[in-house]
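Accompanying notes for the structure given below.
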Amino acid sequence: MRKLRMSVAVCILVLAAAAPAMAHREMRAGYGSGPGNVEDIAEKGDLDLTAEQREKINTLREAHLKDIEPLQDRLYAGSRELRGLWLAKTPERESILVLQKEVQALRNQLMERITTYLLDVRQILTPEQQAKIRSHGPGRMMLRMGGPGMRGGHERGPGARDPVLPQAGVRR
């Protein structure tokens, strides 16, 4: 009975650790999708961007996506390796803890680069355009850490939420 409980607990932990990695790889098909993907505000019509602003933002975005691609790859590989360690018949505690720290460090690096990118984009916008972004509420220019459907993505997909219904206690 004790072994069964332990096996179930390990399976749950493995699934919890593997879910973001698997979601990342599924969503990776599109250019720039996956962890670190940020909304392309140059495509939003309500900001009334000038051609020069649009060009600068697109240049920044392309550079950002190129910059984070190796981090995304390393994050995926680390998550996949971590999943493998958890799936071992006898998981190696020390290896898992060390690799978990490495994966977290990669996530932190990714967040720093995203923050820098978003701050750079804001400098291109006029005060009126920045006010429009703020009026849309939090997350307008924020990242989607998992691709479409997750954390504010507009497409339906894994993790997508119904924007009309409250999250707690609602059945579809």
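Would region 115-137 turn up any residue that is surrounded by 15 or more Cβ atoms within 10 Å (Cβ to Cβ), out of contact with any Ser or Thr (no Cβ under 8 Å at 6 or more places or on another chain) and under 30 Å from I12 (Cβ atoms)?
no
Name every residue in region 62-119 that is in contact with a strand residue (DSSP E or B) (Cβ under 6 Å, 6 or more places away or on another chain) and of a type in the set (D, E, K, R), in order of residue number.
Restricting attention to region 62-119, the residues satisfying the condition of being in contact with a strand residue (DSSP E or B) (Cβ under 6 Å, 6 or more places away or on another chain) are 114.
Correct list: empty.
All but one of (1) touching a Lys or Arg at 6+ places or on another chain (Cβ under 7 Å); (2) at pLDDT 95 or above; (3) exposed (fewer than 11 other Cβ atoms within 10 Å of the Cβ) hold for L106; which doesn't?
Result: L106 passes all but (3).
Can you find a residue in region 82-90 that is at pLDDT below 95, surrounded by 11 or more Cβ atoms within 10 Å (Cβ to Cβ) and closer than 24 Å to I41 by Cβ?
No, that holds for no residue.
Six or more apart or on different chains, Cβ atoms under 6 Å: show the pairs whose first residue is in region 29-52 and surrounded by 11 or more Cβ atoms within 10 Å (Cβ to Cβ) and assigned to a helix (DSSP H, G or I) and whose second is modelled with pLDDT of 75 or more and not small (G, A, S).
Filtered contacts from region 29-52: A42/R54; A42/I57; A42/N58; L47/Q129; L47/K132.
The values are calculated or read from the model by the stated rules, or taken from the named source; none is laboratory data. None of the values given here were measured: they were computed from a predicted structure. Glycine gets a Cβ as well: all are built from the backbone with ideal geometry, and neighbour counts include every protein chain shown.
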